[in-house]
Amino acid sequence: MKGLPYKIAGLLLILFSLTYGLWSEVPELPIVEQSIRNLFYHVSMWFAMVAMMAASFGNAIGFLSSENMVRDRRSISLAETGMFFSFMGLLTGMLWAKFTWGAWWTNDPKLNGTAITMLIYLAYFVLRNSIDDPRKRARISSVYNIFAFVMMIVFIGILPRMTDSLHPGNGGNPGFNSYDLDNRLRLVFYPAVLGWILVGTWIASLRYRIRNLEE
Amino acid sequence: MKKLIALIIAFSPIAVAAQNDSVMYGNEKMNVVIGVITIIFIGLGAYLFSLDRKIKKLEDEK
C-alpha cells in the first residue's frame with residue numbers, strides 16, 4: 001500500500017490524542033473546567049479543515065498554471081474532505097458553546113464568519129455541479145476556489161481578531177497560551193492536529209482515486 | 001488471514017489490560033471508556049484500510 005507509514009502515523013497520533021487526551025492532567029480553568037479537553041478534538045477539526053482547504057487552493061492554482069486535470073481532481077477531493085471537517089468542527093463547537101457560553105449559537109464574529117465561509121464553499125460545490133464541460137468546470141471552479149480560500153482567511157483568520165470575540169486569542173482575549181502555559185495541553189493538541197491532517201489527506205486521496213476511476 | 005492477525009495484534013493490548021482488574025477498575029472506570037473509544041477508533045482505521053485496498057483492486061483492474 002502506497003503511503004502506509006503516513007497513514008499509520010496519522011491513525012496512531014489520533015489514537016494518542018483520544019486516549020492520552022483523557023488521561024492527561026489539564027489546567028484548572030473556571031467555566032470550561034474539564035471541557036478544556038475539547039481543545040484536542042474540536043479545535044483540531046478546524047486546523048484540519050484549514051489545511052485541507054489550503055491544499056485544495058494550492059491544487060487550484062496548480063491546475064490554472066498547468067491545465068492538468070489531475071490537479072483539479074485533487075483540488076475538489078481536498079475541498080470535500082475539508083468541508084467534512086468543518087461540519088464536524090461546527091457541530092462539536094455548538095455543543096461546547098452551549099455548556100460554556102450558554103447558547104448553541106452566539107453572534108460571535110468567528111461563528112458567523114465560519115458560517116459564511118461554509119456557505120461560500122457550498123456554493124463552490126454547486127458551481128461545479130452546474131457545469132457539464134470538464135475543462136470549463138475545472139477552470140471556473142479553480143478561479144472560484146482561490147476566491148473562496150481568500151475569503152476563508154478573511155472571515156475566520158482576520159475579522160474575528162479585529163472585533164470582540166468569545167474565542168480565545170481573538171478581539172483582545174488572551175490566547176490559550178497565556179492561560180496556564182500549557183505544555184500539557186500542547187503535548188496532546190499538536191499530535192492531534194497532525195494526526196487529523198494526515199488522516200484527512202488519506203481520506204481525500206481515497207476520494208481522488210475514486211474520481212480517477214470514474215473518468 | 002493477514003487482516004485477522006493484524007486486528008488481533010491491534011486489540012491485544014486492550015485484551016491484556018482488560019484481564020487486569022486494577023487497570024480497568026482504576027481511574028473511576030474512566031479506563032473502560034478509553035478502551036471503548038480505542039476499539040471504535042481501531043475499527044474505523046481498519047475500515048479505512050479495507051476501503052483503500054478495494055480501490056487499489058479496482059485501479060489494478062483498470
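All of the numbers you see were taken from the coordinates with simple rules; none came from a lab. Keep in mind that what you see is a predicted model, and the values were worked out from it rather than measured. Methodologically, a virtual Cβ is constructed for each residue, glycine included, from the backbone with ideal geometry; neighbour enumeration extends over all protein chains shown.
Tabulated data for the structure shown
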{"item": "Proximal lysines relative to B:LYS56, as straight alpha-carbon distance under 18 Å, when same-chain residues fewer than 8 apart are discounted", "result": "A:LYS2, A:LYS7, B:LYS2, B:LYS3"}
{"item": "Net lengthening on full extension, A:ASN112/A:ILE61 (0.36 nm per residue, minus Cα-Cα)", "result": "15.6 nm"}
{"item": "Amide N proximity, region A:32-51 versus A:LEU95 label position 7 Å along Cα-to-Cβ, cut-off under 12 Å", "result": "A:38, A:41-42"}
{"item": "Between chain B and region A:194-215, the alpha-carbon center distance in angstrom", "result": "21"}
{"item": "Helix B:30-61 vs. chain B, principal-axis angle (Cα, 0 to 90°, nearest 10)", "result": "10"}
{"item": "Karplus 3J(HN,Hα) series, Hz, for region A:30-41 with 6.51 cos²θ - 1.76 cosθ + 1.60 (x for Gly, Pro)", "result": "x, 6, 6, 6, 5, 5, 4, 4, 4, 3, 5, 10"}
{"item": "log₁₀ of I(q)/I(0) at q = 0.08 Å⁻¹ - region A:4-214, Debye sum with one point per alpha carbon", "result": "-0.31"}
{"item": "Förster radius 35 Å - calculated FRET efficiency between A:ILE131 and A:MET162, Cβ distance, rounded to 0.05", "result": "0.45"}
{"item": "Sum of -39500 (n - 2.57) over DSSP H runs of 4+, divided by residues of the protein assembly as shown (222 nm, nearest 500)", "result": "-26000 deg cm²/dmol"}
{"item": "Within straight-line cross-link reach of B:LYS57, aspartates and glutamates at Cα separation under 15 Å, skipping those fewer than 8 residues along the same chain", "result": "A:GLU214"}
{"item": "Residues A:ALA54 and B:PHE41, FRET efficiency given R0 of 22 Å [Cβ-Cβ distance, rounded to 0.05]", "result": "0.25"}
